[in-house]
Amino acid sequence: MNTVDKRALRAALSVYLVIGSAHCKGRPLLEVVAAALRGGVTMVQFREKDSPLSLRETVALGRALRERCRQFGVPFIVNDRVDLALLLDADGVHVGQEDLPPSEARKLLGPGRIVGMSVSTPEELDVALREEPDYLGVGPVYATTSKADAGDPVGTELVAYVRSRTDLPLVGIGGIAPENAAAVIAAGADGVAVVSAIGSASDPEAAARALARAVRGHQAGV
């Protein structure tokens with residue numbers, strides 16, 4: 001039986017940082033994430049894909065990142081790889097449509113860890129709903145260069161459509177910045193996930209703070 005607290009998960013999705021070493025403009029990953037956490041990031045996903053790091057180095061980096069997240073009381077999620085999530089004692093995993101299905105990931109991770117899934121079309125939503133993930137990532141909402149295979153933008157219309165089909169916690173991703181974050185929340189998302197808006201910012205702490213202000217301002221009706 002799944003025991004993830006969905007109310008707490010909705011709050012954690014508010015400002016969701018997806019990041020790896022390649023997204024930090026040559027700066028140390030831990031340094032960028034620490035600044036982002038100070039700025040108000042509420043969840044961190046470790047996406048160390050196509051990395052020159054060895055598995056040993058990746059595990060060491062991931063564990064250091066996990067500890068930093070725990071210092072701030074922020075969930076630490078691993079992109080795609082359930083095996084790495086287990087090695088890192090992560091709070092969960094986020095999978096794509098071609099990865100291990102959420103139902104299988106949960107068998108390995110146990111009932112208390114978070115399993116998220118990406119959705120970019122109505123058909124993918126049908127698949128996801130059968131798999132019963134804990135939350136959905138919808139996108140790319142806007143055009144993005146942070147993920148080479150992200151596909152064409154789906155707009156806030158798909159966010160609204162997904163919200164009309166499910167009450168699962170929902171986060172929008174792709175090309176989101178403080179200037180357009182409110183529209184994603186207005187469409188029905190519980191939060192926004194970003195890569196370059198924080199990872200590539202000259203001041204990650206200030207960038208995270210601006211994004212958090214935009215999201216929470218709309219949530220509060222400001």
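The values are calculated or read from the model by the stated rules, or taken from the named source; none is laboratory data. It should be emphasised that the depicted structure is a prediction, and the values quoted were computed from it without experimental measurement. FYI the Cβ positions are ideal-geometry reconstructions off the backbone, even for glycines, and counts take in every protein chain you see. Each accessible area value is taken on the protein alone, full model and side chains, heavy atoms only, with ligands, DNA and RNA left out. Shrake-Rupley method; radii C 1.70, N 1.55, O 1.52, S 1.80 Å.
Just a few scattered comments:
- Formal net charge of residues neighbouring A181 (Cβ-Cβ distance under 11 Å; K, R +1; D, E -1): +1
- Computed from the C-beta positions of V127 and V59 and an R0 of 30 Å, the FRET efficiency is 0.45 to the nearest 0.05.
- Size of charge dipole - segment 34-97 - debye, nearest 20, with Cβ of Lys, Arg +1 and Asp, Glu -1, no other charges: 200 debye
- The accessible area of D99, taken with all protein chains in place and a 1.4 Å probe, comes to roughly 50 Å².
- Structural descriptor for segment 29-79: relative contact order 56 percent, calculated from alpha carbon pairs under 8 angstrom and at least 6 residues apart.
- The residues neighbouring L170, those whose beta-carbon lies less than 13 Å from its own, together hold a net charge of +1 under the Lys/Arg +1, Asp/Glu -1 convention.
- Loop-located trypsin sites (Lys or Arg not before Pro) in segment 58-142 (DSSP state not H, G, I, E or B) with no more than 14 neighbouring Cβ atoms inside 10 Å do not occur.
- Only helices enter this figure: runs of n ≥ 4 DSSP H residues, each worth -39500 (n - 2.57), summed and divided by the residues of the chain, yield -12500 deg cm²/dmol at 222 nm to the nearest 500.
- Two-site label geometry, A206 and R27: point separation in nm, points 7 Å out along Cα→Cβ: 1.1 nm
- Taking only protein heavy atoms and a 1.4 Å probe, the accessible area of the chain is 52% carbon and sulfur.
- D (Stokes-Einstein, µm²/s), Kirkwood Cα radius, segment 52-111, 1.002 mPa s at 20 °C: 179 µm²/s
- With contacts taken as Cα pairs under 8 Å and at least 6 residues apart, segment 170-222 reaches a relative contact order of 40 percent.
- Summed residue charge, Cβ within 15 Å of G73's Cβ, Lys/Arg positive, Asp/Glu negative: +1
- Segment 165-218 pair-distance distribution - Cα-Cα, 5 Å bins, rounded %: 4, 22, 32, 21, 12, 5, 2, 0
- About the centre of its Cα atoms, the chain shows a dipole size close to 780 debye [charges on the beta carbon of Lys, Arg (+1) and Asp, Glu (-1) only; nearest 20 debye].
- Rounded to whole Å, sorted largest first: equivalent-ellipsoid semi-axes of the chain, Cα gyration tensor: 23, 22, 16
- Whole-number accessible area per residue in Å² for segment 72-222, which is evaluated in the context of all protein chains at 1.4 Å: 42 Å²
- Share of Cα-Cα pairs in segment 12-98 lying beyond 18 Å, as whole percent: 35 percent
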